[in-house]
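Below: one structure, written as structure tokens.
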Amino acid sequence: MIEAIPLPSTDDPLDAPYWEAARRGELVVQTCRACGQRRFPPRPMCPTCQSFEHLWAPLSGKGRIWSFVFPHPPLLPVFAQIAPYNVIIVELADDPSIRMVGNLVTAADGPINQVDPTTIKIGTPVRVVFHRVDNDVTLARWVVA
């Protein structure tokens, strides 16, 4: 575990349902009640129909690696002790227009620098796993499916 890792705020009413679902081990995205358009990251208004009404819909948690990088040196000094590590962008199978950023790991609680960089390939199928960082923050991570 990285000491003093910067963590996201989970108490913003706009995205609190995402964090609550992550704590339960579920992947959800904001979905417009009027037109059904899914969106991530969450926004107050649908970019398609301008409705303010939405719900949080569960997804399968399956996707594929759309892109990846190995930041070294890292952008934040707190990550220097584990660099290089991977950061992947996952295109979700349920809705390819939604892409999420995370890390490819070997297990939910595995280190983010454990996967051999030469084994990561664009198009690799992945599935979501969840890593509880503290009582408020559970992060979505990805393992090879």
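Brief remarks follow.
- Hey, ALA107 part of a loop (DSSP other than H, G, I, E, B) and in contact (Cβ under 8 Å) with a residue 24 or more places away in the chain or not: yes
- Candidates in region 74-94 are the residues that are of a type in the set (Val, Ile, Thr) and in contact with a Gly (Cβ under 9 Å, 6 or more places away or on another chain); of these, the one that is farthest from ARG39 (Cα to Cα) is VAL87.
- Scanning region 62-79 turns up one or more residues that are surrounded by fewer than 18 Cβ atoms within 10 Å (Cβ to Cβ), in contact with a strand residue (DSSP E or B) (Cβ under 9 Å, 6 or more places away or on another chain) and among the small types (Gly, Ala, Ser).
- Set VAL28, VAL87: member being modelled with pLDDT of 95 or more, of a type outside the set (Ser, Thr, Tyr) and in contact with a helix residue (DSSP H, G or I) (Cβ under 6 Å, 6 or more places away or on another chain): VAL28
- The set of residues from region 1-24 being outside any helix (DSSP H, G or I), surrounded by 13 or more Cβ atoms within 10 Å (Cβ to Cβ) and either among the charged types (D, E, K, R) or touching a Gly at 6+ places or on another chain (Cβ under 9 Å) (or both) comprises just one member, ASP15.
- From the options VAL28, VAL69, residue that is within 13 Å of the chain's Cα centre (by Cα) and either outside the structural domain of PRO125 (by TED's automatic domain parsing) or not small (Gly, Ala, Ser) (or both): VAL28
The values are calculated or read from the model by the stated rules, or taken from the named source; none is laboratory data. Just so it is clear, the structure is predicted and the values come from calculations on it, not from any experiment. Counting neighbours? That spans all protein chains shown, and the Cβs are built from the backbone with ideal geometry, glycine included.
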